[in-house]
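Everything below concerns the one structure shown next.
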Amino acid sequence: QKACVTPPTEESALRCSALVYTVPGNESCSFGSTGEARESRACWKVLHWCTQIESKKRMQLTLAALVIFAQAAWSLEAWVKYDPFAKSFEVKVGPPDTNDKIAAWGSFHNAINKTGFSFLDLYTNEELPDDHQAYAAGFLEGYLTQDLIRMHYNNMWANYCKDEEAYCERLSSFLQQNMRFMVKNVNMHHLRVPYWHQVYLVLQQMQGLEDGRTAQGRHYFPFECDVNITATLMLNLHGDVEDLEKVLKRRVPSRTFGEGSCSALVKLLPGNKDLYFAHNTWTHYSSMLRILKKYRLPYRHTPESDVVIAGHTTTFSSYPGRIFSGDDFYLISSGLATMETTIGNENDDLYRAIKPESVLAFIRNVVANRLAENGHEWTDIFSRYNSGTYNNQWMVLDYNKFTPGEDLQDGLLHVLEQLPEYINVTDATDTLRDETYWASYNVPAFEFIFNVSGWWRLVEKYGDWFTYDRTPRALMFMRDHHKVVDMESMMNLMRYNDYKNDPLSRCNCTPPYSAENAISARSDLNPADGVYPFPSLGHRPHGGTDMKLTNSLLFEKLEFVSVSGPTWTQQPPFRWSTSGFKDRHEGHPDLWKFEPFIHHWLLEPHEGLRYEIEQTGNTVMAEEIIFFL
């Protein structure tokens, strides 16, 4: 299995040379020139398929069309030196040069101007105590990504408390009480209770990240958890803070009424030959400073246990300064894949249940990802100490229970919906058997959650847009899911937006349609002088900002297809400089026109082919060219 390419120079017309791919059995397929490459990419995408091979072998080639040659603006390897006598941590640049003092190691690869993403691989030394591993992991990530953290914080949080000082004081007080509650339980239980041990490790990792991003030299291990409200904590609050704004009476909520927040699809192919798992993030365009991350953190269940947690390795889409996804989208060594879309809460009476004596959602999802060995366990762990914040519909897919071509096992897909005080869980495998898909689009699926959350009031006031089965995305998924026959058609569906021509995108608006009404929204395309029944259908810098997709084969390596930025397959690409928006976007490319790709994670520390190439007089680091089967 090998690929042969002749790289073009940037000064040339950027045309692909002929590419030869050898399939099992020694048959070779030649793929011709792809024509002129687009300005925003540095890759060769195969457009012509070999048609003279067996269908089974053609299936193996499906992902060959997603080869990437991702050139980095810069790449950095580093490790954390641990001094066991002083209990200190210090970052060293370059590959580790000794084995007995390594606490963590990893690499950061900044390719945002070429792919729309940066990449972080992070590993810790299992010979060290878990809390030392957690602190070192955060410390190294903070050091490697400190510039992106600063820019992302400026984009998202720098003005958060402007004219909201009283609210921010209430928020700080709530968070400090919440931290004290968690620290109290950690101190009482973490030596014996796996749940609280993992909460403790989350707090240590965040403390390490905060210290690492401001590191001037060595730092000493914090034997007590910090209860101060740091920039790192704020970066990790993400969805939790949207509900806290309502509880703590922020004058101007940051969330727009009716705002969609993600589309997701679990799709079973005909004959059960494969199972796809895909997610689009919907959010503000200022957030598009992205990092794809791999954590290998071989923690134990408790400090005295020898058993390593099932979710020791996780790959996920994320952001600078976050130890969780936030989209959310995770592939986990336990065999689980987890994702969510936000359903929110429209019943203000439920907010009385939100108390500091709880565990925030971003921590609960990390703990569940690390400890759970199956979908039922995940939903049980996540449900503990429900904060009632960041109220989502979670989909937990157990790839251990899927074998291509065979009947689906019970427990393959669990769906959880959360509200303050309430959590509803169901085994949704029968839906996959009967309908061949599960779609999620920010509306509660379960009647009890739909009613108690107050969504029925929105239906009475605004109509079908707020229903579960007649909202535009529900109808689009119902109409088009059967068109999914391979990875390409799945990507097309997840990036779909034909709002001017699709009758399902129409609304009682002027003009009579909205680019919000699509699988991947583009609200920036709605005219600023349009008239809409509620704000989320109007003009704003908000929409689908990515797409992630895996299947049963890619999942074996915890890999997934990614594409960054607002969809541009049927619409013009988003460009900051011509958009008219003045929102902060430090570190962003101007033009968001990136191709889908698969990032190849390092399988082991220091593994992977890195080499230098010459381009326009500059030496840059490049990823290995990989064909995926």
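Just so it is clear, none of the values below were taken in a lab; they were calculated from the coordinates. Just so it is clear, the structure is predicted and the values come from calculations on it, not from any experiment. Glycine also receives a Cβ, built like all others from the backbone with ideal geometry; neighbour counts cover every protein chain displayed.
Sorting D583, D398, D486 from the fewest to the most surrounding beta carbons within 10 angstrom yields D583, D486, D398.
Inter-label distance, K249 to K87: 4.3 nm, where each label sits 7 Å from its Cα along the C-beta direction.
Comparing Cα centroids, segment 167-203 and segment 379-395 end up 16 angstrom apart. When T145, T313 are sorted by how many other C-beta atoms sit within 10 angstrom of their C-beta, beginning with the fewest, the order is T313, T145. Placing pseudo-labels 7 Å out from each Cα toward the beta carbon at H482 and A158 gives an inter-label distance of 5.2 nm. Taking the centroid of alpha carbons for each part, segment 247-283 and segment 497-512 are 20 Å apart.
Excluding same-chain neighbours fewer than eight residues apart, the lysines reachable from K184 by a Cα-Cα span under 16 Å are K355. When the alpha-carbon atoms of segment 141-280 are used, the pair Rg, Dmax equals 19.0, 58 angstrom. Annotation note: trypsin sites (Lys or Arg not before Pro) in segment 388-495 located in DSSP loop regions with a Cβ neighbour count of at most 16 within 10 Å are R470. Partners of K92 within straight-line reach, counting lysines whose Cα lies under 25 Å from its Cα and excluding those fewer than 8 residues away in the same chain: K81, K101, K293, K294. This ranking places D131, D306 by how few other beta-carbon atoms lie within 10 Å of each, fewest first, which gives D306, D131.
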